[in-house]
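The values are calculated or read from the model by the stated rules, or taken from the named source; none is laboratory data. Model, not experiment: these values are computed from the prediction. Neighbour counts run over all protein chains shown; Cβ positions are idealised from the backbone, glycine included.
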Amino acid sequence: MTEPHAAPSLRRVLRTRDLVWFYIVAVVGMRWVAVAAAAGPSSLVVWVIGAVGLFLPLAFTVLELSTRYPQEGGIYVWTKRAFGDFAGFVTGWTYWGSNLTYLPGLLYFAASTALYIFGSRFDHLQTSPAYFITFSLAGLLLAAALNIRGLQLGTWLTNIGAYGVWIPLTLLIVMGFVAAARFGSATPITARGLLPSVGLKDMIFWATLAFGFGGFELGSFMGEEIENPRRTVPRAVLLAGLAIPALYMLGTLAILLALPVGQITGLQGIMDAIVRTGARVGLPGLGPLAALLIVLSAMGGVGAWLSAPARLPFVAGIDHYLPRAFGKLHPRYGTPYVALLLQAVVAAVCAILGQAGETPKKAYDILVSLGIIAYFVPYLAMFAAMIRLQREPAGPEVMLVPGGKPAAVLCGAVGFLTSAVAIVLAAIPAADEPHPQRYVVKVVGLSALLVASGAATYAVGRRRAAG
């Protein structure tokens, strides 16, 4: 097994505060809060299950592996170290590919929310594929331009996005509890209602919420651009790790207090809750401001998910598995501009293809399911690497999982099992899906194609490097 080639010099601009905001805007998805609330009070318990089954194993895995191997590339470096060049490349390729479907889904959510800024004037655009595609392309162009100019500007976008998470969620939480104190809870919350169901439909929903906890590994992709990564990454993970589950659970509870569960939808649930709750507590003008903040949070997420995974083709280019152009830095800004442009262009193509023969709502659902499968495949490799790498000695600078090797192996095993279950469940169409076979073909077929294309690209790259 070969070691990664040394990365060209990148500018170290990310400090602890920047990385905390980066994690919050990358992990906390406002749409997942609405999706959870739409499922009823039992989602509060499901959030706890997701935190135990994925979030904690993921946080401990990132803490240990990022201090063991803090180089640029994160999950690519870890799986390559554990299982060799092929596993590392295919893991990185699949992770990068999953992001290409995640970005359009996030932009669709931002596009839907943006219409609330103008009241009901443009409601008809909620069913317009042309509007959703145009918004997605513009958002990708903005995020790519800022990140090519450098993390100084890219970090500005994610930091603003983090405020777009905190402020509307805090508003919603406060107003939800105020409304409940004045008028009672709009959704009855009982011990029986908190008990999660274990039917197939409910289990599919569990996979979606588990996906909402993903993203802690993102910061480690930019190890060369983090100031003292062995110290900064653990601090940021610990601080953000306290805030993220609290935001998810309190935000979900606030929506349930504000709205009857039957009136909550995945795409517009957050805005519905803010608008209606604001009107109930005497603040009817919050809708446009909240919509603007939520759009900023989504755009911050786009910036985070565009910039960090772009380091994967960048590092692969340095290792000669991809053309050398991917390992180039911009001569003026010092950023991997070829990798960033490629990611933006392919994500734009996915945004357009996602609308093929579908309504915006159906395209959004397909993109979410495809993103879950493609995203959790590299998680299988990462958690397996966590187990395998326990055989290597750890220096004093490594932050080990409390409890040593047995606890680290347990974290890897729990995370691996959760990821495997999420993959299976995400491939199952919903009960109300009118074309279940087409759904499965799109979701599973495209996921398999992504893995196969990674293997083929690796083989071509090896032959090119050997020649």
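Odds and ends about this structure:
- The single condition among (1) at pLDDT 85 or above; (2) in contact with a Ser or Thr (Cβ under 9 Å, 6 or more places away or on another chain) that Leu19 does not meet is (1).
- Residue count for the range 412-467 satisfying the condition of being small (Gly, Ala, Ser), without any contact (Cβ under 8 Å) to a residue 12 or more places away in the chain and either more than 13 Å from Val377 (Cα to Cα) or crowded, with 16+ Cβ neighbours inside 10 Å (or both): 5.
- Scope the range 116-144; condition in contact (Cβ under 8 Å) with a residue 40 or more places away in the chain, more than 24 Å from the chain's Cα centre (by Cα) and part of a helix (DSSP H, G or I); matching residues: Ile117, Phe118, Thr127
- Only one of the numbered conditions (1) in contact with a Leu (Cβ under 7 Å, 6 or more places away or on another chain); (2) modelled with pLDDT under 85 is violated by Trp47, and that is (2).
- The condition of being at pLDDT 80 or above, part of a helix (DSSP H, G or I) and of a type in the set (A, V, I, L, M) holds for only one of Ala394, Ala452, that being Ala452.
Here's the yes/no breakdown for (1) more than 19 Å from the chain's Cα centre (by Cα); (2) within 24 Å of Trp21 (Cα to Cα); (3) in a helix (DSSP H, G or I):
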site: Ala236; (1), (2), (3): no, yes, yes
site: Tyr248; (1), (2), (3): no, yes, yes
site: Gly282; (1), (2), (3): yes, no, no
site: Ala290; (1), (2), (3): yes, yes, yes
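- Qualifying residue in the range 163-182 (condition: farther than 18 Å from Thr252 by Cα, aliphatic (A, V, I, L, M) and surrounded by fewer than 18 Cβ atoms within 10 Å (Cβ to Cβ)): no
- Candidates Gly50, Gly88, filtered to the one that is of a type in the set (Gly, Ala, Ser), buried (at least 24 other Cβ atoms within 10 Å of the Cβ), without any contact (Cβ under 8 Å) to a residue 40 or more places away in the chain and out of contact with any Cys (no Cβ under 7 Å at 6 or more places or on another chain): Gly88
- Test: residue in the range 216-234 that is part of a loop (DSSP other than H, G, I, E, B) and either within 19 Å of the chain's Cα centre (by Cα) or modelled with pLDDT under 75 (or both): yes
- Per the listing Thr61, Thr94, the residue uniquely touching a residue at least 24 places away in the same chain (Cβ under 8 Å), part of a helix (DSSP H, G or I), closer than 18 Å to Gln343 by Cα and of a type in the set (Ser, Thr, Tyr) is Thr94.
- Given (1) in contact with a Leu (Cβ under 8 Å, 6 or more places away or on another chain); (2) hydroxyl-bearing (Ser, Thr, Tyr); (3) surrounded by 20 or more Cβ atoms within 10 Å (Cβ to Cβ), index of the condition Ser42 fails: (3)
- Subset of the range 211-238 [under 13 Å from Phe60 (Cα atoms) and aliphatic (A, V, I, L, M)]: Val233, Ala236, Val237, Leu238
- Every listed requirement among (1) assigned to a loop (DSSP other than H, G, I, E, B); (2) surrounded by fewer than 19 Cβ atoms within 10 Å (Cβ to Cβ); (3) not hydroxyl-bearing (Ser, Thr, Tyr) is met by Pro70 save one, (2).
- From the list Leu296, Leu322, Leu329, Leu267, the one residue that fits, being modelled with pLDDT of 80 or more and either among the aliphatic types (A, V, I, L, M) or under 23 Å from the mean Cα position of the chain (by Cα) (or both), is Leu296.
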